[in-house]
2 protein chains.
Amino acid sequence: MAQNDNTVYRASTTAPVNIAVIKYWGKRDAALNLPTNSSLSVTLSQQSLRTLTTASCAAAYPASDTLTLNGKPQDIQSSKRTLACLSNLRDLRRALENADPSLPKLSAYPLRIVSENNFPTAAGLASSAAGFAALVRAIADLYELPQSPTELSRIARQGSGSACRSLMGGYVAWRAGTKADGSDSIAEEVASASHWPDMRAMILVVSAEKKDVPSTEGMQTTVATSSLFSTRAELTVPARMAAIEAAIRDRDFPTFAEITMRDSNGFHATCLDSWPPIFYMNDVSRAAVRIVHDINRAAAKTVAAYTFDAGPNAVIYYLDEASTVVAGTFKEILGQKTDGWEGPFADRLKTVSKGVDLSQLDSRAVDVLRDGVSRVILTGVGEGPVKVNEHLVSEKGDILSSAA
Amino acid sequence: MAQNDNTVYRASTTAPVNIAVIKYWGKRDAALNLPTNSSLSVTLSQQSLRTLTTASCAAAYPASDTLTLNGKPQDIQSSKRTLACLSNLRDLRRALENADPSLPKLSAYPLRIVSENNFPTAAGLASSAAGFAALVRAIADLYELPQSPTELSRIARQGSGSACRSLMGGYVAWRAGTKADGSDSIAEEVASASHWPDMRAMILVVSAEKKDVPSTEGMQTTVATSSLFSTRAELTVPARMAAIEAAIRDRDFPTFAEITMRDSNGFHATCLDSWPPIFYMNDVSRAAVRIVHDINRAAAKTVAAYTFDAGPNAVIYYLDEASTVVAGTFKEILGQKTDGWEGPFADRLKTVSKGVDLSQLDSRAVDVLRDGVSRVILTGVGEGPVKVNEHLVSEKGDILSSAA
């Protein structure tokens, strides 16, 4: 049955943030966002951090596609990456329409996309991964595409490399692939969240300092100038990928943790080895590193792992059973003056007793951390994108604000 | 003619500090101090920094060798490195005595060695290089050994690796060598100080923080654990050694500077890539890096180069002709509240006008540097050890204090 011309088609999804434990750094093809090495991440719970995106289309919309992000209209036409995603998704829809002429010709309709993050941009969390994953997932739902998350990951990757890993939950590998067209550079779930559900993540948000170079520029500098980078990409990371996948399969936290920390350090080492050098970690980051090593020493086993993306924030992985010794210790250091201890994962902390005695920690690192961390986000491993009935576009096509 | 039994034989020398531009990091043999890679340093002027050492011996001295350092008796017997140097030097003296029976049997006499640095230990400057170079040179003079500085460098190397480079002035290479006995692991002058005399060095002493791991331990950790280290040792450094020797020969400062900075960054990258990670640079060091890059950009050519040893202090190389734009800028940032602007190389700065306008520099880095640098030492390239008549042991064998 032909639809009324005024029909507004809508689909909404939430998508998660992911934090890599084997880092993506370096592109072998900048236009297609093809990486020099495979990477692996943990998808974080959407109970804490999520992007909500509504994709809508209608024959009656004005001719141009539009994207509104956190209430602000974006210039889609100047974003080749967004255009590439939209074009790929339209092609898939068009193929469906060609195969079944009874389908409405959504591929020909202008898109109206509205997206909101539930976390402050100022927190310095990589929001582009969740953003592009939500955009691709919402449009794929709108178009009723049959492609799997792994197939869609080829498209999301072109929006933002790490976005391909936010299309799935749990533990997700992005295979670098070798083909020039990128068709084998895809994400796949290595293990579901339920396989190892007690993984926790504590994000220490470090008081904002002007960020060093943006990731894309930094990656290109590293690939072009670091004399150590090719060893990392060709030898070190492949060995770590195999080892950490085994550790995840075996739920072997100490091995998972050591590889995570070593890979973070190795990634930042290649940044420092770049020309000019790139520094993302600062003294507060270094203090977090030291405290994690001190906690592990005090616990006489590896109960915590740090990792740092292209910025000073620390993400600390630990298992729920180590909440007292890990999160409890950080809570004692940072105290109540640090924001963010509330939230869905905070209940656990109300029942923990004292963590490691602070006398067992480097006192200078304790002071630096206390002064430098402004906010804590407690979360854990979680699921991939979820289809929701909360829409950011009304039935008539008006842009709405999130209820949150 | 036989000497009176009360004769005290004495020889005194001063020896310089050297600061590497291609870093020594990693031992292939810990007992012999054989390095994994060659290194290259600039010998700094003894007008600013020097160790003064008197070596004396006498038949009448009590049986044990003694060493007094900055007024404090040292436990020689527990220092294998010192014992190795003394043993090697005695062997060379004994060979002379065997060849010429008329020589006094100094090799059989107890040694009394007294050494003083003219710079505060708290400054965090590597004093062991100057210390062992002075010790070896003074005893070689006492024993009237015919060996060249390069031949003596084999011995000094066993005291402290970098000490072998302090036996010569100017620009000094330490060839890693390949032999298991270390006989080809020696230092040699690549160019004299007079070949390129206008090289200046400004040491920014960063307020002391507890140092990370000691160098020897750190090196062993890096060699054993860094996945990037072998690439540095086997590929990167050999290429840089050839390139920087050519730059020194050609007095090509921009090339010399870029290699110096990249090698410092690469060395610290392998430290960060170690397990557990080693951090020697801190936020003040990073601020110095940024300011040097900003000065070079403002000058539209490379006029300054930073390098960092196993600690947060920055050493900044520049040519005398760039005193205004380099030292003048740092003086404007650091102001008079920072100690150490006096000294033999400071006259030049009285006549410099304003350096780079501070508005062209990263304002946060300026603040961090101003807060974090406690002292400046201005110096330049200089000569190797010098025989002096100032003795720290009296004609009767009493230990004296330096006149300084």
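The sole residue among A:Ala31, A:Ala2, A:Ala63, A:Ala20 that is modelled with pLDDT of 95 or more and of a type outside the set (S, T, N, Q) is A:Ala20. In summary, A:Glu245 fulfils each of the numbered conditions (1) open to solvent by 30 Å² or more (accessible area, probe 1.4 Å); (2) farther than 20 Å from A:Glu188 by Cα; (3) touching a Leu at 6+ places or on another chain (Cβ under 9 Å); (4) not basic (Lys, Arg) with the single exception of condition (2).
Restricting attention to segment A:370-402, the residues that are within 14 Å of A:Val8 (Cα to Cα), open to solvent by 50 Å² or more (accessible area, probe 1.4 Å) and in a strand (DSSP E or B) add up to 1. Within segment B:249-286, the only residue that satisfies the criterion of being surrounded by fewer than 19 Cβ atoms within 10 Å (Cβ to Cβ) and polar (S, T, N, Q) is B:Thr255. Against the test of being within 30 Å of B:Gly340 (Cβ to Cβ) and outside any helix (DSSP H, G or I), the options B:Ser48, B:Ser102, B:Ser64 yield a single qualifying residue, B:Ser48. Selection of segment B:226-242 for residues being more than 12 Å from every other protein chain (Cβ to nearest Cβ) and either surrounded by 16 or more Cβ atoms within 10 Å (Cβ to Cβ) or not in a helix (DSSP H, G or I) (or both) yields only B:Met241.
So which residues in segment A:92-102 are touching a residue at least 12 places away in the same chain (Cβ under 8 Å) and open to solvent by 80 Å² or more (accessible area, probe 1.4 Å)? If the condition is that a residue be touching a residue at least 12 places away in the same chain (Cβ under 8 Å) and open to solvent by 80 Å² or more (accessible area, probe 1.4 Å), then A:Arg94 is the only one that fits. Going by what's in this entry, would A:Ser394 be described as more than 22 Å from the chain's Cα centre (by Cα), among the hydroxyl-bearing types (Ser, Thr, Tyr) and at pLDDT 95 or above? Answer is yes for this residue.
Scanning segment A:277-286 for residues that are more than 8 Å from every other protein chain (Cβ to nearest Cβ) and in a helix (DSSP H, G or I), we see that the one that is farthest from B:Leu228 (Cα to Cα) is A:Val284.
Kindly evaluate A:Ser274 against the criterion of being more than 7 Å from chain B (Cβ to nearest Cβ), modelled with pLDDT of 95 or more and under 24 Å from the mean Cα position of the chain (by Cα). Taking the combined requirement at face value, the residue does not satisfy it.
Quick check on B:Glu217: is it over 18 Å from the mean Cα position of the chain (by Cα) and within 14 Å of chain A (Cβ to nearest Cβ)? Taking the combined requirement at face value, the residue does not satisfy it. Aliphatic (A, V, I, L, M), in contact with a strand residue (DSSP E or B) (Cβ under 6 Å, 6 or more places away or on another chain), outside any helix (DSSP H, G or I) and in contact (Cβ under 8 Å) with a residue 12 or more places away in the chain - does that describe any residue in segment A:316-332? The answer is yes; a qualifying residue exists. Before we move on, is A:Ala305 touching an Asp or Glu at 6+ places or on another chain (Cβ under 8 Å), more than 10 Å from chain B (Cβ to nearest Cβ) and open to solvent by 20 Å² or more (accessible area, probe 1.4 Å)? It is false that A:Ala305 is touching an Asp or Glu at 6+ places or on another chain (Cβ under 8 Å), more than 10 Å from chain B (Cβ to nearest Cβ) and open to solvent by 20 Å² or more (accessible area, probe 1.4 Å).
Any residue in segment A:160-172 that is at negative phi and surrounded by fewer than 23 Cβ atoms within 10 Å (Cβ to Cβ)? No - not one qualifying residue is present in segment A:160-172. Scanning segment A:33-54 for residues that are small (Gly, Ala, Ser), within 18 Å of A:Phe229 (Cβ to Cβ) and surrounded by fewer than 24 Cβ atoms within 10 Å (Cβ to Cβ) yields a single hit, A:Ser38. A single member of A:Leu400, A:Leu378 is in contact with a strand residue (DSSP E or B) (Cβ under 6 Å, 6 or more places away or on another chain) and either more than 28 Å from A:Arg251 (Cα to Cα) or not small (Gly, Ala, Ser) (or both), and it is A:Leu378. Considering (1) open to solvent by less than 40 Å² (accessible area, probe 1.4 Å); (2) modelled with pLDDT of 95 or more, the lone condition that B:Ala129 does not fulfil carries the number (2).
Those residues that are closer than 20 Å to B:Cys85 by Cβ and hydroxyl-bearing (Ser, Thr, Tyr), I need them from segment B:42-73; list them, please.
B:Thr43, B:Thr51, B:Thr53, B:Thr54, B:Ser56, B:Tyr61, B:Ser64, B:Thr66, B:Thr68
The rows are residues; the columns are (1) touching a helix residue (DSSP H, G or I) at 6+ places or on another chain (Cβ under 6 Å); (2) open to solvent by 60 Å² or more (accessible area, probe 1.4 Å); (3) within 30 Å of B:Glu234 (Cβ to Cβ).
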{"position": "B:Arg10", "(1), (2), (3)": "no, yes, no"}
{"position": "B:Ala31", "(1), (2), (3)": "no, yes, yes"}
{"position": "B:Thr68", "(1), (2), (3)": "no, no, no"}
{"position": "B:Gln74", "(1), (2), (3)": "no, yes, no"}
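Just one residue in the set A:Val289, A:Val223 is open to solvent by 50 Å² or more (accessible area, probe 1.4 Å), in a helix (DSSP H, G or I) and either at pLDDT below 95 or among the β-branched types (Val, Ile, Thr) (or both); that residue is A:Val223. Listed conditions (1) more than 9 Å from every other protein chain (Cβ to nearest Cβ); (2) touching a helix residue (DSSP H, G or I) at 6+ places or on another chain (Cβ under 6 Å); (3) closer than 28 Å to A:Thr236 by Cα; (4) among the hydroxyl-bearing types (Ser, Thr, Tyr) are all met by B:Thr255, apart from (3).
Selection over segment B:333-347 of residues that are within 15 Å of B:Thr379 (Cβ to Cβ) and without any contact (Cβ under 8 Å) to a residue 12 or more places away in the chain gives a count of 2.
Residue-by-condition table, conditions (1) closer than 30 Å to A:Ala327 by Cβ; (2) at pLDDT 95 or above:
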{"position": "A:Ala123", "(1), (2)": "yes, no"}
{"position": "A:Trp196", "(1), (2)": "yes, yes"}
{"position": "A:Met202", "(1), (2)": "yes, yes"}
{"position": "A:Lys211", "(1), (2)": "yes, no"}
{"position": "A:Glu217", "(1), (2)": "no, no"}
{"position": "A:Ser227", "(1), (2)": "no, yes"}
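Checking each residue in segment A:105-115 for being out of contact with any Lys or Arg (no Cβ under 9 Å at 6 or more places or on another chain) and either surrounded by fewer than 21 Cβ atoms within 10 Å (Cβ to Cβ) or in a helix (DSSP H, G or I) (or both) picks out only A:Pro110. Within segment A:318-327, is there a residue that is surrounded by 24 or more Cβ atoms within 10 Å (Cβ to Cβ), assigned by the TED database to the domain that holds A:Ala224, farther than 17 Å from A:Gln360 by Cα and touching a helix residue (DSSP H, G or I) at 6+ places or on another chain (Cβ under 7 Å)? Yes: one or more hits.
The values are calculated or read from the model by the stated rules, or taken from the named source; none is laboratory data. Just so it is clear, the model here is predicted, and its values are computed rather than measured. Quick reminder, even Gly has a Cβ in these numbers, built from the backbone with ideal geometry, and neighbours come from all protein chains shown. Keep in mind that these areas ignore ligands, DNA and RNA; they rest on the heavy atoms of the full protein, side chains included. Shrake-Rupley method; radii C 1.70, N 1.55, O 1.52, S 1.80 Å.
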